[in-house]
1. May I ask which residue of Ile33, Cys47, Pro11 lies farthest towards the positive end of the charge dipole of the chain, with charges of +1 (Lys, Arg) and -1 (Asp, Glu) on Cβ and the Cα centre as origin?
2. At 222 nm, what value in deg cm²/dmol follows for the chain if DSSP H runs of at least 4 each add -39500 (n - 2.57) and the sum is divided by all its residues, to the nearest 500?
3. If you keep only loop residues by DSSP, which trypsin sites (Lys or Arg not before Pro) in segment 1-59 have at most 11 other Cβ atoms within 10 Å of their Cβ?
4. Search the structure for amide H atoms under 5 Å from the amide H of Arg40, placed 1.01 Å from N in the peptide plane, and list their residues when 5 or more places away or on another chain.
5. Hey, could you get me the Stokes-Einstein D for the chain, Kirkwood radius over alpha-carbon pairs, 4 °C and 1.567 mPa s, rounded to whole µm² s⁻¹?
6. Suppose each label sits 7 Å from its Cα in the direction of the beta carbon; what would the Tyr30-Gln7 distance come out to in nanometres?
7. Short version: ³J(HN,Hα) in whole Hz for each residue of segment 16-31, in order, from phi by Karplus 6.51 cos²θ - 1.76 cosθ + 1.60 (θ = phi - 60°), x for Gly and Pro, what are they?
8. Explain nothing, just the number: dipole magnitude of the chain about its Cα centre with +1 on each Lys and Arg Cβ and -1 on each Asp and Glu Cβ, in debye rounded to the nearest 20.
Amino acid sequence: MTSFNTQPKCPYCGKPMDKPVSRKIIDRAYDQITRRQYVRTRMVEFCSKECGGNYQMGCEG
Ligand SMILES: [Zn+2]
């Protein structure tokens, strides 16, 4: 592994992001303190709007 290439990659398709597109992603996470699921909202960068949409659909299941 080399850390030379630090260009961020799309979390959906894995391609390097030349012009990252931010998208709000809503998914569920497990809170270990309250032991309940909660809805988490975060901004994630993708290589395209399409990848963001696909990623969100995968989160919703
Ligand atoms: Zn992508």
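1. Farthest along the dipole direction, towards plus: Ile33.
2. On the way: 1 runs with 12 residues, N = 61.
Mean residue ellipticity at 222 nm (helix-derived): -6000 deg cm²/dmol.
3. Numbers: sites: Lys9, Arg23, Lys24, Arg28, Arg35, Arg36, Arg40, Arg42, Lys49; in loops: Arg35.
Here the sparse-neighbourhood loop sites are Arg35.
4. Result for Arg40 returns Asp27, Arg28, Ala29.
5. Working: Rh = 12.9 Å.
For the chosen part, D equals 100 µm²/s.
6. Once both label points are built, they end up 3.7 nm from each other.
7. x, 9, 6, 10, x, 10, 7, 9, 7, 10, 10, 9, 10, 10, 9, 8
8. On the way: 11 positive and 6 negative charges, 32 e Å.
Charge dipole, the chain, about its Cα centre: 160 debye, nearest 20.
Laboratory data are not the source of any read-out in this text; all were calculated from the coordinates shown. Since this is a predicted model, take the numbers as computed values, not measurements. As a convention, Cβ positions derive from the backbone with ideal geometry for all residues, glycine included, and neighbour counts pool all protein chains shown.
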